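Q: Have a look at the structure that comes next, please.
The values are calculated or read from the model by the stated rules, or taken from the named source; none is laboratory data. Not measured: the values here are computed from a predicted model. Cβ: placed from backbone, ideal geometry, glycine included. Neighbour counts: every protein chain shown. Only protein heavy atoms, including side chains, enter the accessible area calculation; ligands, DNA and RNA are left aside. Shrake-Rupley method; radii C 1.70, N 1.55, O 1.52, S 1.80 Å.
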Amino acid sequence: MSILKIIALLPIASAIVLSACNSGTKENTDGTGSDKDNAAITVNLKEMKRIGSVDERYQSYNVEMVEVIGGEFWKPYKMMDSLPPLAAVSTYDVSQKNEQLYRKLEPINLADRRLRNLAKGLAPAYVRVSGTWANATYFQDNDQPAMAKAPEGFVNVLTRSQWKGVIDFLKATDGKLAMSFAVSNGVRDAQGVWTPKEAQKISDYTKSLGGEIAAAELFNEPTMPTAGGEIDKDYGASDFAKDVAVFNAWAKKAVPNMLTLGPGSVGEGVPGVSFEELGVKVLTTEEMMSAEPKPVFDVFTYHFYGAASMRMIRSGPFSIKAENALDSAWLQRTDLSADYYIGLRDKYLPGKPIWITETGQAAGGGDPYAATYLDCFRYLYQMGSLAKKGLKVIMHNTLAASEYSLIDQDTHLPKPNYWAALLWQRLMGTEVYEAGAGAAGVYMFAHNWKGHQGGITLLVINTNKAATPVTIPSNAEQYTLTSAELQDTTVQLNGQELKLGANDELPIFKGQAVKAGNVDLPATSITFITFANVGNKK
């Protein structure tokens with residue numbers, strides 16, 4: 001019997017049950033989760049000032065390299081009889097066989113009609129093909145059958161046909177390619193410095209297919225350099241700086257239109273939260289960016305996970321319970337990390353854009369509730385809050401692998417976060433406005449209404465257990481996401497369940513007309529309100 005079936009049989013509320021194995025510390029809710037009525041929030045459209053903008057591909061996503069090649073990835077909870085012992089993750093190295101943590105994937109079928117239809121719904125987007133497994137991937141640059149074993153200095157093998165599938169997917173879904181390259185011992189010279197021999201091969205083949213590498217990090221998460229395997233255990237900040245110098249020189253000559261991204265750090269900026277809890281070597285961003293020669297990138301990038309999944313950690317500040325998933329302290333961890341990395345961007349690469357190139361509910365594939373409506377609050381809070389902070393692109397991890405994916409790994413059916421993402425994509429434009437104060441447990445964000453000149457879309461996230469009244473100044477249309485239970489895998493839009501059509505087509509969203517005055521937003525709901533012809537201040 002799987003661990004999820006065991007949980008389902010227990011006569012306890014599901015919001016508590018699914019987190020029973022994950023006994024993280026209780027966080028201050030600051031009033032969220034209240035069942036008391038809130039005072040009405042007044043929306044003042046004309047006072048909403050424009051405070052910034054985001055890239056048209058602000059909402060982007062990852063397809064992990066391990067999905068493309070077919071390798072060992074996070075084992076679904078439904079396949080576990082019990083959670084893996086913590087000793088199984090005491091040394092985080094994905095090159096090591098670990099049946100308690102991983103299961104073998106078949107290479108993803110990126111030509112699947114349903115998957116492509118869903119990806120088109122999120123277009124335009126950057127599609128990042130990377131992840132820890134990419135650090136030690138060898139590109140087999142011929143049309144022979146796939147090698148049975150990677151060459152020395154590598155762990156994984158990527159074939160031409162698999163990479164062509166990626167490029168074809170991008171062309172079909174209006175995606176721009178972001179990636180990282182092999183950095184393992186197989187690409188290093190006698191002095192241990194990175195060489196572009198693998199990067200050049202994959203760049204040349206991409207061009208031959210009519211594709212383009214739009215942006216790339218040299219190294220997936222150099223803060224944990226040994227996690228991908230086949231790299232010197234003593235790899236340090238000075239090694240990273242030397243590697244980046246070679247990378248930049250190669251990129252300028254070989255792929256001059258490619259944006260260089262970096263450093264791609266992870267696990268910093270939130271007090272008490274660190275990947276060191278997993279027992280892995282960690283390089284700090286300060287160490288890497290201050291090493292000589294000083295690393296320089298076109299875009300400052302980082303990754304964010306507010307917790308590690310219960311596969312990896314069961315307690316302490318780097319874990320999260322489902323019962324705490326609506327707490328302000330949890331939702332706002334993304335703000336703490338953003339502020340930290342914005343400060344480092346300003347110190348080392350002032351004036352450069354800042355992106356998140358990987359983020360999800362929890363590192364290590366996510367917790368069980370990542371696949372439910374409950375995680376939509378975190379997803380959309382992050383999208384709204386980081387746009388206000390000036391981030392230009394956020395790449396969710398993943399499109400279709402493990403619990404934290406937008407799309408189910410096996411069926412390719414949309415999860416609740418996919419519907420949240422689709423609403424964002426259809427309604428939220430690139431211009432960011434100051435929405436004004438919400439209330440305890442209520443968060444508000446505003447962008448221009450996508451495709452409607454002079455319009456505004458207001459996103460209101462109500463984490464409270466009671467309805468929230470909002471006073472609006474003019475007639476509008478309302479799009480409200482709810483679910484029968486917080487940990488349901490289905491969601492309703494204005495009371496109607498969201499699902500694909502008979503031929504996997506996406507539904508047309510129709511807003512509910514609401515008149516100026518008080519609008520009651522349901523308990524634990526997420527609402528987009530669109531206003532036409534606002535005429536607000538710039």
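Q: Given the stretch 101-230, what whole percent of its Cα pairs are spread farther than 25 Å?
A: In whole percent, the share of Cα-Cα pairs in the stretch 101-230 beyond 25 Å is 27.
Q: With unit charges on the beta carbons (Lys and Arg positive, Asp and Glu negative) and the dipole taken about the Cα centre of the chain, which residue among Trp194, His303, Ala437 sits farthest to the positive side?
A: Ala437
Q: Asp81 to Asn109: FRET efficiency via 1/(1 + (r/R0)^6), r the Cβ-Cβ distance, R0 22 Å, to the nearest 0.05?
A: 0.15
Q: Using the Cα centre of the stretch 65-183 as the reference point, and only Cβ charges (+1 on K/R, -1 on D/E), how large is the resulting charge dipole? Debye, rounded to the nearest 20.
A: 440
Q: Just to verify a number: what accessible area does Trp250 come out at with the full protein assembly present, 1.4 Å probe, Å² rounded to tens?
A: 20
Q: Distance cut-off 23 Å, Cα to Cα: go down the list Lys120/Lys499; Lys46/Lys465; Lys46/Lys389 and report the pairs above it.
A: Pairs exceeding 23 Å: Lys46/Lys465.
Q: OK, next. Which residue, chosen from Gln492, Thr457, Gln409, occupies the Cα position most advanced towards the positive end of the dipole of the stretch 358-504, where the dipole is computed from +1 (Lys, Arg) and -1 (Asp, Glu) charges on Cβ about the Cα centre?
A: So the residue we want is Thr457.
Q: Of the heavy-atom accessible surface of the chain (probe 1.4 angstrom), what whole percent is carbon and sulfur?
A: Looking at the chain in its full context, I get 51 percent from C and S.
Q: For n ≥ 4 DSSP H runs only, could you compute -39500 (n - 2.57) per run for the chain, divide by its residues and tell me the 222 nm figure to the nearest 500?
A: -6500 deg cm²/dmol
Q: Also, quick follow-up: Report the extension gain between Asp339 and Lys499 in nm, rounded to one decimal, defined as 0.36 nm multiplied by the number of residues separating them, less their alpha carbon distance.
A: Stretched fully, the Asp339-Lys499 segment lengthens by 53.9 nm.
Q: Which of the GluC sites (Glu not before Pro) found in the stretch 119-216 are in a DSSP loop and have at most 12 neighbouring Cβ atoms, other than their own, within 10 Å?
A: Glu152
Q: Right, here's the next one. May I ask you to give the solvent-accessible area per residue for the stretch 447-512, in square angstrom, as obtained with a 1.4 angstrom probe?
A: Per-residue accessible area for the stretch 447-512 comes out at 46 Å².
Q: I would also like to ask the following. From Cα pairs below 8 angstrom and at least 6 apart in sequence, can you work out the relative contact order of the stretch 375-486, rounded to a whole percent?
A: 17
Q: Thr398: net charge of surrounding residues, Cβ under 12 Å, Lys/Arg +1, Asp/Glu -1, itself excluded?
A: Summing Lys and Arg as +1 and Asp and Glu as -1 gives -3.
Q: Could you give the dipole magnitude of the chain about its Cα centre, charging the beta-carbon of Lys and Arg +1 and that of Asp and Glu -1, in debye to the nearest 20?
A: Dipole size: approximately 1160 debye.
Q: How much length, in nm to one decimal, is gained on full extension between Glu292 and Asp168, taken as 0.36 nm per residue of separation minus their Cα-Cα distance?
A: So the extension gain works out to 40.7 nm.
Q: Here is a further query. Determine the relative contact order of the chain: mean sequence separation of Cα pairs under 8 Å and six or more apart, normalised by residue count, in whole percent.
A: It comes to 20 percent, rounded to a whole number.
Q: I need to check one value: relative contact order of the stretch 294-373, counting alpha carbon pairs closer than 8 Å and at least 6 residues apart, in percent.
A: 51
Q: What is the Cα radius of gyration of the stretch 463-538 over 2.2 N^0.38 Å, N being its residue count?
A: Relative to the 2.2 N^0.38 Å estimate, the stretch 463-538 comes out at 1.27.
Q: Let me ask something else. I'd like the distance separating the alpha-carbon centroids of the stretch 264-328 and the stretch 187-212, in whole Å.
A: 28
Q: Taking just the C-alpha trace of the stretch 238-304, give me its Rg and Dmax in Å.
A: Cα radius of gyration and Dmax of the stretch 238-304 are 13.6, 42 Å respectively.
Q: Starting from the Cα of Lys49, draw a straight line to each of the aspartates and glutamates and keep only those under 20 Å, dropping any in the same chain fewer than 8 residues away.
A: Glu431, Glu434
Q: When DSSP beta bridges are limited to those with both residues in the chain, what percentage is antiparallel, rounded to the nearest 5?
A: 55
Q: Using the alpha-carbon centroid of each, what span in Å lies between the stretch 454-517 and the stretch 123-151?
A: The stretch 454-517 and the stretch 123-151 have Cα centres separated by 40 Å.
Q: Further question on the same structure: Sort 100-107, 335-342, 174-181, 365-372 for me by packing, meaning the mean count of neighbouring Cβ atoms within 10 Å per residue, highest on top.
A: Per-residue Cβ counts within 10 Å, averaged per peptide and sorted highest first, yield 365-372, 174-181, 335-342, 100-107.
Q: Between Ser53 and residues 5 or more places away or on another chain, which pairs have amide H atoms under 5 Å apart, with H built 1.01 Å from N, and which residues are they?
A: Here the answer is Val432, since their amide H atoms fall under 5 Å of that of Ser53.
Q: Continuing with the same structure: Helix 197-208 against the longest principal axis of the chain: what's the angle in degrees, Cα atoms only, rounded to the nearest 10?
A: Taking Cα atoms only, the helix is inclined about 60 degrees.
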